[in-house]
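Worksheet: the structure to be examined is printed underneath.
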Amino acid sequence: MTRRNFIATSAATAVAAAMPPQARCKMGFTPDSFAILRPPRTAIEFLEKAHAVGAGGVQASLASFEPDYLKKVRQKKDELGMYLEVLAPMPGPDTTQFEKTLQAAKEAGAESVRSACLSGRRYETFNTLEAWNTFKADSIAKIERALPLANKHKMPVGIENHKDWTVEEYVVMLKKYSSEYLGVCIDFGNNMSLLDDPTEVVESLAPYVINNHIKDMAVEEYEDGFLLSEVPLGKGMLDLKRMVAAVLKARPSAKFSLDMLTRDPLKITCLTEKYWVTFPARNGKYLARMLALVKKNKPAKPLARVTGMDREAQLRMEMDYLTQSIAYARDDLGLRY
């Protein structure tokens, strides 16, 4: 065993030993919560990794659609008493793979599927309004292909607000296309990068919730806008109790998967001209509101960076952040068995 794996495994074992089964956390993990360790994202392996550190479930990919494999995934999930949500890309013109994923997710015992329209960030990915509008039209086409398949197989599909749609844009789209089986994977912090109020985002999207990426956020002033970081739950500026309550009121069975990346802060360049190219409908109200929020929530010390830290220090930091978040979700947010 390498020294890196020894450190991570030892930390995970210590956490599991300190957490008796009756005190296990209902909150699960996304693979990106292990941004430094990077364990396998496939269902069986990630279920085992998340269970070892006290989590209640995972969002993960399926390594195969073979019946024997899917049976093993279901058995592992049930054996560990965890939930499973399957990761899947949105369907292209050929919907075969997407439909197979929905069928396989159901056979594996998944509660839902998580997807997204954009893999990057709106203000970085698109250089022109035309490029954004092309993406928007393509995304609508994907949603229109996904909707009948989700309904057909009765497999809920949550499409994440992945730094693409503003909250107003997303609500308009969801009112038109949402169903019992197609809605949103609510990310609690992503839309801050689009200058949306985070509480407003969660409460506006809650009626359409399928699954969730829970996280806490911290901010810091920066010459081109502001810096944005995921931090351990309870250590940031989000009103997590209010947000969780809004989600559970709309969908009592909703699961919460921690999506906290241990990394350098993101640069939200909202004071540059390029940032605004794809936001023709927005005005200074959004900028003023967010910059006021940033000033109001100045961190006690500079936001943490992983750049310059050695690998072992990064791994220790990541595991510390995860264990803090598990304890907060379990003890303060009431996400416990």
message: Using the Karplus curve 6.51 cos²θ - 1.76 cosθ + 1.60 with θ = phi - 60°, what ³J(HN,Hα) values do you get for each residue of the range 221-231, in whole Hz, with x for Gly and Pro?
response: 5, 7, 4, 9, x, 7, 9, 10, 10, 7, 10
query: What is the distance in Å between the Cα centres of the range 74-105 and the range 213-292?
result: 28
field: Along principal axes, Cα extents of the range 174-320, largest first, whole Å
entry: 47, 39, 24
message: If the elastic network links every pair of Cα atoms under 10 Å, which of ALA245, ALA131, ALA141 fluctuates the most in the Gaussian network model of the chain?
response: ALA131
task: Between GLU130 and GLU220, with labels modelled 7 Å along Cα→Cβ, what's the label distance in nm to one decimal, could you check?
output: 3.9
task: Pick out which of PRO280, PRO198, PRO302 has the largest mean-square fluctuation in a Gaussian network model of the chain, springs linking Cα atoms closer than 10 Å.
output: PRO280
statement: In whole Å, largest first, the alpha carbons of the chain cover along the principal axes 52, 49, 37
- line: Cβ density ranking, 10 Å radius, fewest first, applied to LYS72, LYS176 yields LYS176, LYS72
- prompt: Relative contact order of the chain: what whole-number percent is it, with Cα pairs under 8 angstrom and at least 6 residues apart?
  reply: 20
- request: Give me the aspartates and glutamates in straight-line cross-link reach of LYS142: C-alpha distance below 12 Å, same-chain residues under 8 apart excluded.
  value: ASP94
query: Stokes-Einstein D for the range 209-259 at 20 °C, 1.002 mPa s, Kirkwood Rh over Cα pairs, in µm²/s?
result: 176
- request: Under a cut-off of 19 Å between alpha-carbon atoms, report the lysines in cross-link reach of LYS235, not counting same-chain residues fewer than 8 places apart.
  value: LYS215, LYS295, LYS296, LYS298, LYS301
- prompt: What spacing in nm lies between the two simple spin-label points modelled at VAL306 and THR272, each 7 Å away from Cα in the Cβ direction?
  reply: 2.2
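Here, each number is a calculation from the coordinates, and none is a lab measurement. No experiment lies behind these values; they were computed from the predicted model shown. So basically every Cβ, Gly included, is an ideal-geometry build from the backbone, and we count neighbours across all protein chains shown.
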